[in-house]
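What follows is a single structure, written as structure tokens, with notes after it.
The values are calculated or read from the model by the stated rules, or taken from the named source; none is laboratory data. Since this is a predicted model, take the numbers as computed values, not measurements. For neighbour counting, all protein chains shown are included, and Cβ atoms are generated from backbone atoms with ideal geometry for every residue, glycine included. Heavy atoms of the whole protein, side chains included, go into the accessibility calculation; ligands, DNA and RNA do not. Shrake-Rupley method; radii C 1.70, N 1.55, O 1.52, S 1.80 Å.
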Amino acid sequence: MIIDHRPVEIKITKHEKVHQFIQALHQRKVKIKNVVVTDQNVTFEIARSDIKILREVRKKYRLKVKIRYLHTSKIFQKEFKTLIGLLFLIIIPIVFSQFIWEVEVVADTPELRVAVEKVMAEKLTLDNPVYKNAIESDFEIRQTIMEELRDLSWVHIFKKGSKITIEPQLAPITDIREQKPEQVSHLVAAKSGVITHFVLTSGERRVMPNTTVYEGETLVSGVITVGDKSVPIGAVGEVYADYWLETEFTIPKKVQFISSTERKWTIHFKTNDEKESQQSFREVNLPQWLSGLLEIKETQEYITSTQEITEKQIESFILPLLHEKILKSLPPKTIIKKENILQVSFDGDKVKGKVLFLVNENIAKPYPISQGE
């Protein structure tokens, strides 16, 4: 039981029964404080929890009593424990907000989600809860995942409060048929770059990782020496290298954004002049007599808005678009490790600029082994 000790002022008009009234309160163990006696009134204070007893005694002596609450009913009282509670109420959310409590991976397939979660567990410090300042930057998270999973074209990272949502995006599927060479070949460099790693089925390496190679240089030999003989076995595989790729862009200053809302179930009444403004996914099968009047289906709306690009949107808007465009023009399993904005200018209603991409690509191409080798 909680005892309410907040003071209440009691004022009684002078009467011959006042003394007996106060004695009765004492007998009921009511604590009386600050008694003031004037020519007309007797005033004193009791605890708010004793008001019920006071009213019972007052009825017995039939006295006229005025009750004045000195402290109004408030959620927060001027007490030490209330102050401590308020401090915890303010400090705890601030402290907790400095941590990431939930990391969610949203992927097209369960297999892709598990693969991304595995990379995060092995390569990144995203085991929640984790201090926000201890987490890698969005760029480092994206590049780590894309280096491990080369089928990805981009990794979207959304941060909201104490939650991070990671959405890996698969590269578009290209119909590349395996071409079996009619004769064995070496692997030579199709372009210049710095070798990062090999993925070989056969052949002998002629260069080491972290070595700069130039176009036409032999990377993997398709001939091995066995004793005094040279045996052509053919070089098969991939050789990845880093190189810088510069690109220019020109886009309108005002662009149109199309964003989708969350899917929801709606009840739609059919009319003769209806226009479909939503995309439908699932629909409830209704009786024939009712389906002509309304339909219940899961829909998603698309909202179109026009925005003007600013300097702050260069990295958040333009770079991802250029990233996607460059990747689509490059061979599969290519990744972009880094982007550097070289120049951006706002020319009238256009935005122009140059961007330098650090690309990691398979630069090996077959080169037939001549009969003399």
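The table below lists the values:
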read-out	value
Chymotrypsin sites (Phe, Trp or Tyr not before Pro), loop per DSSP, at most 12 other Cβ atoms within 10 Å - longest free stretch of the chain	215-373
C-alpha long axis of helix 80-96 to longest principal axis of the chain, angle in °	10 degrees
Antiparallel bridges, percent of DSSP beta bridges restricted to the chain (to nearest 5)	95 percent
Cα-based helix-to-principal-axis angle, 18-27 vs the chain, degrees rounded to 10	50 degrees
Mean separation of Cα contacts under 8 Å (6+ apart) over length of the chain, as relative contact order %	13 percent
Label-to-label distance, nm, for residues given as LYS17 and VAL255 (7 Å Cα→Cβ offset)	8.7 nm
Pairwise centroid distance, computed over Cα atoms, of region 352-372 with region 32-51, Å	96 Å
Full-stretch length increase - THR82, THR306 - with 0.36 nm per residue and alpha-carbon distance subtracted	75.6 nm
Nearest 10 degrees, 0 to 90: helix 110-123 Cα axis against the chain principal axis	80 degrees
Region 19-67 - percent relative contact order, Cα under 8 Å, separation 6 or more	32 percent
Structure-derived mean projected area of the Cα convex hull in nm² - corresponding label in [x] 28.1; [y] 42.1; [z] 21.4	[y]
Region 1-66: GluC sites (Glu not before Pro) in DSSP coil with no more than 15 other Cβ atoms inside 10 Å	GLU16
Net lengthening on full extension, LYS64/GLU9 (0.36 nm per residue, minus Cα-Cα)	18.4 nm
Average accessible area per residue (Å²) across the chain - probe 1.4 Å, nucleic acids and ligands excluded	68 Å²
In nm, spacing of pseudo-spin labels at TYR243 and SER97 (7 Å Cα→C-beta vector)	4.9 nm
Inter-label distance for THR225 and SER202, nm, one decimal - labels placed 7 Å from Cα along Cα-to-Cβ	2.1 nm
Within the chain, helix-based [θ] at 222 nm, where runs of 4 or more DSSP H residues each add -39,500 (n - 2.57), nearest 500	-6500 deg cm²/dmol
